[in-house]
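Undergrad: First, the structure itself, so that you have it in front of you.
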């Protein structure tokens, strides 16, 4: 079994990623975030960097990570830059990574969990420290396959705290449901989208109330979709929170 991903492939990945949308400032921002998460020192942690070009800067930064970390970073960068799957070069890069170097993927990376969504949600949660802490703890518990009930509880509380931050109140998740629809409409969302979000949050709260009380009843295969649903709620609400009001909330 190979001990590392060949430097030639890392170099090729750096070329493709920087040629297909990864800017110098973004590569520093993103690799610095991974360096902080993994406790790694990277060569180029500031922009502008002292380097001939961004391809070399990305290669220099990627080289210091462990093979599994390199795999994760390259895969998630491909997803970030090619969200709609229309970039043939990045699609080929991701396919090559996943077919030729699959042994460097962590078990959780081989599941259907949408890691790009989770990564972007964590970035959106900057400034909401208590919410992000709970979200990260839930992710760690899921990745280690332990405390399934606590994972759901952390996700529920994280969403509840985020809505409190956004709406400026201290209500429980169940009592935020009417505010959800009003909030979406106030930001210009359609009546249909507002009603859908309101219903989804209502069902979400009901699901959580059922399963956070009984660890044995938690269906493991459902945790991933609850994670992704929570992240989707959070990301959309945070995006709306910085948008200007377009409608008056009812009194």
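The values are calculated or read from the model by the stated rules, or taken from the named source; none is laboratory data. All values reported here derive from a predicted model rather than from experimental measurement. Heads up, the Cβs are rebuilt from the backbone with ideal geometry, glycines too, and the neighbour counts pull from every protein chain shown.
Undergrad: From the list 179, 196, 234, which one is at pLDDT 90 or above, in a helix (DSSP H, G or I), over 21 Å from residue 128 (Cα atoms) and assigned by TED's automatic domain parsing to the domain that holds residue 128?
TA: Step by step, each of 179, 196, 234 is checked, and only 196 is at pLDDT 90 or above, in a helix (DSSP H, G or I), over 21 Å from residue 128 (Cα atoms) and assigned by TED's automatic domain parsing to the domain that holds residue 128.
Undergrad: Moving on to the next point. Mind telling me which of the residues 188, 206 ends up being surrounded by fewer than 20 Cβ atoms within 10 Å (Cβ to Cβ), modelled with pLDDT under 95, assigned by TED's automatic domain parsing to the domain that holds residue 139 and assigned to a loop (DSSP other than H, G, I, E, B)?
TA: 188
Undergrad: Counting just the residues of segment 102-120 that are over 25 Å from residue 234 (Cα atoms) and modelled with pLDDT of 75 or more, which one comes out farthest from the chain's Cα centre (by Cα)?
TA: It comes out as 103.
Undergrad: Still on this structure, I have one more. Any chance you could count how many residues in segment 20-31 are loosely packed, with under 15 Cβ neighbours inside 10 Å and either outside the structural domain of residue 74 (by TED's automatic domain parsing) or part of a helix (DSSP H, G or I) (or both)?
TA: Summing the residues that are loosely packed, with under 15 Cβ neighbours inside 10 Å and either outside the structural domain of residue 74 (by TED's automatic domain parsing) or part of a helix (DSSP H, G or I) (or both) in segment 20-31 gives 2.
Undergrad: What is the one condition in (1) at pLDDT below 95; (2) in contact with a helix residue (DSSP H, G or I) (Cβ under 8 Å, 6 or more places away or on another chain); (3) assigned to a helix (DSSP H, G or I) that residue 17 does not satisfy?
TA: Failed condition: (1).
Undergrad: Taking residue 170 as meeting all but one of (1) touching a residue at least 40 places away in the same chain (Cβ under 8 Å); (2) more than 24 Å from residue 228 (Cβ to Cβ), write down the number of the exception.
TA: Of everything listed in (1) touching a residue at least 40 places away in the same chain (Cβ under 8 Å); (2) more than 24 Å from residue 228 (Cβ to Cβ), residue 170 misses just condition (1).
Undergrad: Out of 136, 165, report the one residue that is part of a helix (DSSP H, G or I) and modelled with pLDDT under 90.
TA: Being part of a helix (DSSP H, G or I) and modelled with pLDDT under 90 holds for just one of 136, 165, which is 136.
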